[in-house]
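Visitor: Just passing along the structure, written as structure tokens.
The values are calculated or read from the model by the stated rules, or taken from the named source; none is laboratory data. All values reported here derive from a predicted model rather than from experimental measurement. For neighbour counting, all protein chains shown are included, and Cβ atoms are generated from backbone atoms with ideal geometry for every residue, glycine included. Note: accessible area is taken over every heavy atom of the protein model, side chains too, but ligands, DNA and RNA are not part of it. Shrake-Rupley method; radii C 1.70, N 1.55, O 1.52, S 1.80 Å.
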Amino acid sequence: MRQSVQVNLIFLLVGVVLIVIGGCILIFWPSIFKIFLAKELIIDEKSQSFKEWKSPSIELYFDVYLFNWTNAESFKFPEFQKPIFEELGPYRFREYRDKADLKFHRHNSTVSYKPFSTYIFDEEGSKGSLDDIFTTINVVAIGAAAQSLNMDYNHKKLISIALNGYEEEITVTNTVRELLFEGYEDNMVLMGKANMIEGFDISHIPYDKIGFFYMRNASTALSGVHNVHTGKDDSSKLGTIQNYNSGDFSSMYRGECSKVKGSLGELFPLDQKPTSISIFTPDMCRSLPFDFEKEVDVFGVKGYRYIAGERLIDNGTKYPENLCYSEGCEQFYPSGVFNISACRFSSPVFMSYPHFYGADDYYLDLVEGLEPNRSKHESYVTLEPMSGIPLEVTMRFQVNFLLKDNEEIALFQSCPTTFIPTMWVEQKYKIDEKMIEELKIAVKVPFFGRIVGLIIFVLGTVCILITIIIKCVSRQVLAETDVNLPELKGENRKPKEKSSPLLVDGKLRPRIQKMDQNVD
């Protein structure tokens, strides 16, 4: 009996302990796992993700599509025929990223660095050669004309004379390699750098050649200093930018538009919500909003897809909060392009989606040869919501220059207002098989943890049920024993009849009886 009580007590204690452990796992395991996950994702030399963050091992491609201006000779005073464009490319480059001048700031859990990318032409993946001839807008001439807008009449005339003297035209024709990374020399730029053209001082501009990506290959000269949160003290800030070039605001814009905010597109905070995200782009000096579209499946992993919609390319005509990006503009244009002139040394540069996808028809009507297509020209980011890890990223943006009339500059006299597309770029990233398998396991850990917790909780419940059952059975047995016990006790209390040699069943033995008779 005593041994049964001890067994019951052991089962009870084990059951209680298992229920407590299982309940704690069910309640706290997701939070505990996120702590471990954040520790592995933070930007730290000891974290598992640090090496991949610093120098991505996944193949990255940088595709450039160029708009060759096929009737450029007809865009002259006084006719100015509508520009016709032919898309060339893609010209594909393999991009190898790294981060230079890495410096951790422990006091505020941030890290500073300069992006460093090496671009190598991928001939097999390209449609065309770097020696292809390409005609596009003359960025020197259009930049000089833009600078003259704030000058007095005499200085404007000096700019006009200089453009004529250096034989500048509205367009230029060069090889693809010159117009992209290698650059080409321009006499007016050389004179402007030496401050030899009155009113045309470009000594503050770091270029000595002209090229869309000149000084960007294997160099940190134009990359700027990025300062991002490591996520060490707060995982909700992981990968978000704190400062750019030592400032938490952009001097190019005012108000809310001046704030430096969002991710840099490599790391995102944990626990993403189906709302919106922001990506800061140094080349545009601003943050780009991406809005949640839908839930998608990427290699068997659930992801939230955020798209670059009409809000991103609106100039304030539809979304008033974007008006601060257009401050200082002489004229407002329909929604579909946004002004980054302040970020490009006052050159009239406007960004849009490729082929003016999603823009007002006003822009397509100005030119010929463009065909917007959502599947080819949309930008989006897909994140695994729990970890914030990018599953796929597709960024596509088009560079346009604004041409318009400038009566004091002979080259642009009576020029019709036209947005000239020059090129569009595409950068794509998709998680590889090795990383996706690791991510699949990580995503399932919280679920498996809950299953383990549930199993432990059930085992504890079973132990307590067994204790209850054993106790009930024991009570039943005791109850039955108590019912039969009085009869047994009563029988035991009857005094035993003493055996006697003279008695047999209470009667005298016959022999003794005979003896008694004889005596009589």
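Visitor: Any residue in segment 280-308 that is farther than 30 Å from Asn245 by Cα and touching a residue at least 24 places away in the same chain (Cβ under 8 Å) sitting within a Cβ distance under 7 Å of a residue that is of a type in the set (Ser, Thr, Tyr) and surrounded by fewer than 21 Cβ atoms within 10 Å (Cβ to Cβ)? List the pairs, counting only those 6 or more apart or interchain.
Guide: Here the result reads Arg305/Tyr380, each pair linking segment 280-308 to a residue that is of a type in the set (Ser, Thr, Tyr) and surrounded by fewer than 21 Cβ atoms within 10 Å (Cβ to Cβ).
Visitor: Among Leu403, Leu439, which is the only one that is more than 26 Å from Arg92 (Cα to Cα) and either modelled with pLDDT of 90 or more or open to solvent by 20 Å² or more (accessible area, probe 1.4 Å) (or both)?
Guide: Values: Leu439 fails: either modelled with pLDDT of 90 or more or open to solvent by 20 Å² or more (accessible area, probe 1.4 Å) (or both).
Of Leu403, Leu439, the one residue that is more than 26 Å from Arg92 (Cα to Cα) and either modelled with pLDDT of 90 or more or open to solvent by 20 Å² or more (accessible area, probe 1.4 Å) (or both) is Leu403.
Visitor: Still on this structure, please answer the following. Report whether or not Leu454 is open to solvent by 40 Å² or more (accessible area, probe 1.4 Å) and under 30 Å from Val301 (Cβ atoms).
Guide: It is true that Leu454 is open to solvent by 40 Å² or more (accessible area, probe 1.4 Å) and under 30 Å from Val301 (Cβ atoms).
Visitor: Look through Gly125, Gly143, Gly89 and report the one residue that is open to solvent by less than 20 Å² (accessible area, probe 1.4 Å) and not in a helix (DSSP H, G or I).
Guide: Going through Gly125, Gly143, Gly89 in turn, the sole match is Gly89.
Visitor: May I ask you to list the residues in segment 43-61 that are out of contact with any strand residue (DSSP E or B) (no Cβ under 6 Å at 6 or more places or on another chain) and either assigned to a loop (DSSP other than H, G, I, E, B) or open to solvent by 60 Å² or more (accessible area, probe 1.4 Å) (or both)? Give the derivation first.
Guide: Narrowing segment 43-61 to residues out of contact with any strand residue (DSSP E or B) (no Cβ under 6 Å at 6 or more places or on another chain): 44-53, 57-59.
Listed by number, the residues that qualify are Asp44, Glu45, Lys46, Ser47, Gln48, Ser49, Lys51, Ser57, Ile58, Glu59.
Visitor: Please identify the pairs in which a residue from segment 44-59 that is under 15 Å from Arg97 (Cβ atoms) has its Cβ atom under 6 Å from the Cβ atom of a residue that is open to solvent by 30 Å² or more (accessible area, probe 1.4 Å) and not hydrophobic (A, V, I, L, M, F, W, C), counting only partners at least 6 apart or on another chain.
Guide: Ser55/Asp98; Pro56/Arg97; Ile58/Asp432
Visitor: Okay, next question. Looking at segment 467-486, I want the residues that are at pLDDT 65 or above and have a partner that is open to solvent by less than 80 Å² (accessible area, probe 1.4 Å) and among the hydrophobic types (A, V, I, L, M, F, W, C) with Cβ atoms under 6 Å, at least 6 apart or on another chain. Which pairs are those?
Guide: Within 6 Å, the pairs are Thr467/Phe11; Thr467/Leu12.
Visitor: Against the condition at pLDDT 95 or above and β-branched (Val, Ile, Thr), how does Thr382 come out, does it pass?
Guide: For Thr382, the condition - at pLDDT 95 or above and β-branched (Val, Ile, Thr) - is met.
Visitor: Of everything in segment 337-358 that's assigned to a loop (DSSP other than H, G, I, E, B) and over 25 Å from the mean Cα position of the chain (by Cα), which residue is nearest to Arg286 (Cα to Cα)?
Guide: Within segment 337-358, the match that is nearest to Arg286 (Cα to Cα) is Arg344.
Visitor: Looking at segment 300-314 only, could you name the residues that are of a type outside the set (Asp, Glu) and over 14 Å from Ile431 (Cα atoms)?
Guide: Those that are of a type outside the set (Asp, Glu) and over 14 Å from Ile431 (Cα atoms): Tyr304, Arg305, Tyr306, Ile307, Ala308, Gly309, Arg311, Leu312, Ile313.
Visitor: Here is a further query. Cβ-Cβ under 8 Å, sequence separation 6+ or interchain: first residue in segment 244-267 and over 18 Å from Ile340 (Cα atoms), partner open to solvent by 90 Å² or more (accessible area, probe 1.4 Å). Which pairs?
Guide: Pairs found: Asp248/Lys259.
Visitor: May I pose another question? Is there any pair linking a residue in segment 142-163 that is over 22 Å from Phe350 (Cβ atoms) to one that is acidic (Asp, Glu) and part of a loop (DSSP other than H, G, I, E, B), with Cβ under 7 Å and at least six apart or on different chains, and which?
Guide: Correct list of pairs: Tyr153/Glu408; His155/Glu198; Lys156/Glu408; Lys157/Glu408; Leu158/Glu198; Ser160/Glu408.
Visitor: In addition: Answer yes if at least one residue in segment 367-387 is among the acidic types (Asp, Glu), free of Cβ contacts under 8 Å to residues at least 60 places away in the same chain and under 25 Å from Gly143 (Cβ atoms), and no otherwise.
Guide: No: zero hits.
Visitor: Another one. For Leu383, which of the numbered conditions (1) closer than 28 Å to Gly211 by Cα; (2) open to solvent by less than 40 Å² (accessible area, probe 1.4 Å) fails to hold?
Guide: (1)
Visitor: Moving on. Within segment 62-86, can you find the residues that are of a type in the set (Phe, Trp, Tyr) and open to solvent by less than 60 Å² (accessible area, probe 1.4 Å)?
Guide: Phe62, Tyr65, Phe67, Trp69, Phe75, Phe80, Phe85
Visitor: Identify all residues within segment 406-422 that are hydrophobic (A, V, I, L, M, F, W, C) and open to solvent by 10 Å² or more (accessible area, probe 1.4 Å); write none if there are none. Write out each step before concluding.
Guide: Looking only at segment 406-422, we keep the residues that are hydrophobic (A, V, I, L, M, F, W, C), and these are 409-412, 415, 419-420.
Listed by number, the residues that qualify are Ala410, Leu411.
Visitor: Any residue that is of a type outside the set (Val, Ile, Thr) and at pLDDT below 90 - is there at least one of those in segment 178-186?
Guide: No, the conditions are met nowhere in segment 178-186.
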